[in-house]
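The values are calculated or read from the model by the stated rules, or taken from the named source; none is laboratory data. Quantities reported herein were computed from a predicted structural model and do not represent experimental measurements. Neighbour counts run over all protein chains shown; Cβ positions are idealised from the backbone, glycine included. Ligands, DNA and RNA are excluded from the accessible area calculation, which covers all protein heavy atoms including side chains. Shrake-Rupley method; radii C 1.70, N 1.55, O 1.52, S 1.80 Å.
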Amino acid sequence: MPSLLELLRPDRRLALHLPVHGRGAALPPRLRRLLRQSPGSWDLPELPEIGGPLEAQGAVASSQARLAEVMGVDHCWFGVNGATGLLQAGLLAMAQPGEAVLLPRNAHRSLIAACELGGVMPVFLPVPFFSDRGHAGAMTVEGLRQSLDPWPDPGRRIAGAVLVHPTYHGYCAEIRELIELLHAKGLPVMVDEAHGTHLAFASGEGCSVSALAAGADLVVHSLHKSAPGLAQTAVLWHRSERVEHGRLQRSLARLQTTSPSALLLASCETTLDWLQSSSWTWWFEARRDEAINLIDALRERGVMLHPGDDPLRLILATAEIGISGLDADDFCMRRGVIAELPEPLCLTVCLGFAKHRGLAKRLAMIWEALAREGDGVPLPVIPEPPFQGPSIPELTPDQAQRHPHCRRRLAECADQIAAELICPYPPGVPLLIPGERISADRCQWLQSQHQRWPDQVPGMVKVLA
C-alpha cells in the first residue's frame, strides 16, 4: 500500500469530485501564486499581525469585518474545520441543553453530533424522496407547513430550525418562503448552504436565491464544496437579531482550534475576495454555460441523467441500464475518472469550476461501455422511507449513547431504540439516529438498504439493552 505522501503526487485521472477547484486548476489566482512560494513559508501560527477567527485584532479580524459589511450581515467568521465545525457552533448557539431544534431528514451528520454534544433533541421534518434515485430532495414550503400543523411537541422548547439548501445533489429549496414561514413561528433559522456558496455570488438568471439574500440568521458556506478554496475551509455569516452574538462567539470558541492554519485562513479570504470580482463572474458563467451545453450533448448521445437544479452536478441514472451507481463508480475509476458520490441507483459527478475539454465524448464512451456491462433491465426503485410526518426520538442522542446497549441483527431490531448512527458517507445523511425507536416498517426499509449498500448500512445494529 503506498504511503499518504506518495498518494499526493500529481494525478492524471479526471477529477469530477470535491474540492471543486479541480486539483488546483480553478484555485483563486492569488492563492496559486502563494502556493508557488518557498514550501512552508505560509505555515505560520497566530502571529499578532495575522490573528485568528476569534481574535479582535490582526489581518483575519479585519478581513472578516470587511466581508461582513460587503455581504450585508453583522458578523463573519472563517472556519478551518470545514462546514462541520461552523454548523455545530451555530446549532449550539441557537439551542441550550434540554431544548430542541427542527432538522430536515436530510440534515448532515455533523448536526446530529452537535445535538449529542449539547444535549439537544432533534425534531426531524420529512423531505421529498426520489424512489428512482434512492435519495432525498429539497424541502418544500407546503411540506414544511404540513409538518408544523399541528406544532411538533417534543416536551421541551424548540429553540431554532436548520434548513439545507441546496442538497448534496444540487436540489434547491424554496428558501425564501421557508425562512419566512419559520421566522413567522418565532424561530431563528440556520441554513446549511455548504453546496451553494456560489449562489451568494452568482448574477443573472438561472440561479436560485442564496439563503443570505433570503434573510437567514446564520448561513454556513463551504469554500471547497461549492467555491474554489482549499479543502477544510468555510465561512459563517451571522445576523444578530435572533441569534445573540456573545452566545455564538462562545460556541465558536468551544469548537475552534487554537492553532488555525494561516494557509487555510488565507484561502478563506482570497476565495471570498475572488468570488466578488468581475473575473470570477466571467469564470463562473463560463463554467455554468459549459455545464449546460454538456448536459445537452450527453442527452443527445443517449446518456441518461436525472434532472437537477445545479448544472454543475450531474446525476447519472445508472439504474436505468441495470447498473448500480456503486458498480458504475468502480468502472469509472478503472478508466481514470473519479466521480463524487456513488449510490445504489445513481452516480453523481461534480464538474466543479475547472475546465474539462472533451468531457462529453469521454463520459458518453464510458456510458456506452457501462450499458454493455448491464443487462438493460432497470434496477428496482427504492421504496420511500416511512417518514410521513415529524419524528421525535424517544431519547436525545447523548442519552442514547450513555445507555447500556447490545448488538443485534437488523432483522431483530423492530421496536428497539437505536444506540448508534447509521450514516452512509458520502453523502453523510443519517438513516438512523441514536435515540430513535425502530418501527417494524423502518426496520424493513433499513434491511432493504443493507441489501443494496452492505458496505455502508450494517447488518448488525447497536440498540439499547
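Structure notes:
- Selection of segment 353-381 for residues being part of a loop (DSSP other than H, G, I, E, B) and surrounded by fewer than 19 Cβ atoms within 10 Å (Cβ to Cβ) yields 354, 355, 357, 358, 374, 375, 376, 377, 378, 380, 381.
- Close Cβ contacts (under 6 Å, 6 or more residues apart or on different chains) running from residues in segment 339-352 that are within 20 Å of residue 196 (Cβ to Cβ) and open to solvent by less than 10 Å² (accessible area, probe 1.4 Å) to residues that are among the hydrophobic types (A, V, I, L, M, F, W, C) and at pLDDT below 95 are absent.
- Residue in segment 147-166 that is crowded, with 20+ Cβ neighbours inside 10 Å and in a loop (DSSP other than H, G, I, E, B) present: yes
- Considering the conditions (1) β-branched (Val, Ile, Thr); (2) closer than 30 Å to residue 356 by Cα; (3) without any contact (Cβ under 8 Å) to a residue 40 or more places away in the chain, residue 80 is excluded by exactly one of them, (3).
- Segment 40-73, subset within 27 Å of the chain's Cα centre (by Cα), part of a loop (DSSP other than H, G, I, E, B) and among the hydrophobic types (A, V, I, L, M, F, W, C), residue farthest from residue 218 (Cα to Cα): 54
- Cβ separations smaller than 6 Å between residues 6+ apart or across chains give the following pairs from segment 369-396 residues that are in contact (Cβ under 8 Å) with a residue 40 or more places away in the chain and of a type in the set (Val, Ile, Thr) to residues that are open to solvent by less than 50 Å² (accessible area, probe 1.4 Å) and assigned to a strand (DSSP E or B): 392/123; 396/121.
- Residue that is nearest to residue 234 (Cα to Cα) [pool: residues in segment 102-128 that are in contact with a Pro (Cβ under 6 Å, 6 or more places away or on another chain) and in a strand (DSSP E or B)]: 103
- Leading residue by the ranking (surrounded by the most Cβ atoms within 10 Å (Cβ to Cβ)) among those in segment 405-422 that are of a type in the set (Asp, Glu) and closer than 13 Å to residue 464 by Cβ: 420
For every residue, the table says whether it meets (1) of a type in the set (Phe, Trp, Tyr); (2) surrounded by fewer than 19 Cβ atoms within 10 Å (Cβ to Cβ); (3) assigned to a helix (DSSP H, G or I); (4) touching a strand residue (DSSP E or B) at 6+ places or on another chain (Cβ under 9 Å).
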{"position": "394", "(1), (2), (3), (4)": "no, yes, no, yes"}
{"position": "398", "(1), (2), (3), (4)": "no, yes, yes, no"}
{"position": "425", "(1), (2), (3), (4)": "yes, yes, no, no"}
{"position": "442", "(1), (2), (3), (4)": "no, no, yes, yes"}
{"position": "455", "(1), (2), (3), (4)": "no, yes, no, no"}
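- Per-region count, segment 185-197, residues open to solvent by less than 10 Å² (accessible area, probe 1.4 Å) and within 18 Å of the chain's Cα centre (by Cα): 7
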